[in-house]
Amino acid sequence: MYVIVDETGQLLWHVNLFLADLAIGHSLNSCRAYAADLLSFLKVIRSIGDWREITPRQMTGYLHGELFQARSYSPETMAHHITTLKSFYEWQVQKGYLDAMPDFHWSYRHLYDKEAPENTVYVASQHSFHSLYIDRETFDKLKAGVVGRDPFIRARDRIALRLGYECGTRGFEVLKLNANDVRQKINEAKDRNKGLWGTAKIKIKGKGGKNRDLYLPPDLCESIMDYMKRWRIRINGGQGPLLCRKDGYPIKNDQYASSVFSDAYKTAALCRNVRQGYHRLRKSFGTHLVDECYKTGRDPWVIVPRRLGHNDIETTKRYIQFDALLHGRNHVLSELDMMANKYHSIQTRKIG
């Protein structure tokens, strides 16, 4: 068998245990090919960190940037290299050295497609938002993961999740909403909409004490009012925070929203490959907001920072960039590419 050592001659144990196990059922030449692929990978990522710390974006950068662009690997060589890496990570999960398979994206065929749209390949998986983004189907599963015998707690916690996904609240912000203020704004919106549920605008103080408008969509307004009438109004006459304890006192746990998110994720048996929790809902909302802007003809450069409370335009750019990758808005990517500040989280390549 072959082994891999570091600069000091020390064995890399997790890697070599994999190679040793591989040697049981493979020829010496096959083992050498696997070892060569892993050695190549480990040398490139050395400046980033341990193989267990590699993010999906970094793995895609290695495959697309290093192997395809820099080394001009053939499709066959690329396929073999990917097989090696997949086998290596799957083995680590199987043996318990990793909790779960990382959310890597192994696609590469499009890189060799000379008929790609506009003769340019844009890789959405290279963007850091890819592993954080939650689509509607996944969110519905997440929401269904809020369980428990107490109907008040269930309704309260589902509203907390919906505030993040549908309104872009931060975790600490959901505890700042006042029940009476929210109820009043929802009723006013309903009156303006001739008795039908409308979008309610709420003032909220966010990060750094900065005020912004929070827009509650009609479906969420209906759910909040149902929660108010069934349970919240009976607690302290509806006085105090919208989301509170059963005795009406404020929730003091700053990690409340994160705990709701984590518990629901586990109950729904969703595969969680990143550490970030409740804040993923806000990032997903931001992406959906950009998409809504394009569909309604509004300017995302104005709407997104206003709705999310961004102070730095670079933050807004990330949402616009990821939405463009997600929905194939090549003209937007071209405009971003021409801006003075280039992005490092996306790579483009002309084919042909």
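Tabulated values for the structure
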| item | result |
| --- | --- |
| Looking only at the stretch 41-60, and only at residues there that are assigned to a helix (DSSP H, G or I) and charged (D, E, K, R), the one that is modelled with the lowest pLDDT | ARG57 |
| Near pairs, Cβ below 8 angstrom, 6+ apart or cross-chain, from the stretch 136-154 (in contact (Cβ under 8 Å) with a residue 60 or more places away in the chain) to any residue that is surrounded by 16 or more Cβ atoms within 10 Å (Cβ to Cβ) and outside any helix (DSSP H, G or I) | LYS141/ALA268; LEU142/ILE134; LEU142/ALA268; ALA144/ALA268; GLY145/ALA268; PRO151/TRP231; PHE152/TRP231 |
| Selected residue (criterion: modelled with the lowest pLDDT) from residues of the stretch 262-292 that are in contact with a helix residue (DSSP H, G or I) (Cβ under 7 Å, 6 or more places away or on another chain) and among the hydrophobic types (A, V, I, L, M, F, W, C) | LEU270 |
| Residues that are free of Cβ contacts under 8 Å to residues at least 60 places away in the same chain, in a loop (DSSP other than H, G, I, E, B) and under 26 Å from the mean Cα position of the chain (by Cα), drawn from the stretch 216-243 | PRO217 |
| Residues satisfying the stated conditions in the stretch 107-134, i.e. among the basic types (Lys, Arg) and either modelled with pLDDT of 75 or more or in a helix (DSSP H, G or I) (or both) | ARG109 |
| Filter result for GLY238 (small (Gly, Ala, Ser), over 30 Å from PRO102 (Cβ atoms) and surrounded by 13 or more Cβ atoms within 10 Å (Cβ to Cβ)) | yes |
| Counted residues, the stretch 175-215 - those being surrounded by 13 or more Cβ atoms within 10 Å (Cβ to Cβ) and acidic (Asp, Glu) | 2 |
| Filtered residues of the stretch 61-87 (kept if outside any helix (DSSP H, G or I) and closer than 12 Å to SER40 by Cβ) | ARG71, TYR73 |
| Counted residues, the stretch 195-229 - those being basic (Lys, Arg) and at pLDDT 95 or above | 2 |
| Selection count, the stretch 295-317, where residues are of a type outside the set (Lys, Arg) and assigned to a helix (DSSP H, G or I) | 12 |
| Only one of GLU90, GLU166, GLU137 that is in a helix (DSSP H, G or I), acidic (Asp, Glu) and at pLDDT 95 or above | GLU166 |
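The values are calculated or read from the model by the stated rules, or taken from the named source; none is laboratory data. Small disclaimer: the values here were computed from a predicted structure and weren't measured. Note: ideal-geometry Cβ built from the backbone for every residue, glycine included; neighbour counts use all protein chains shown.
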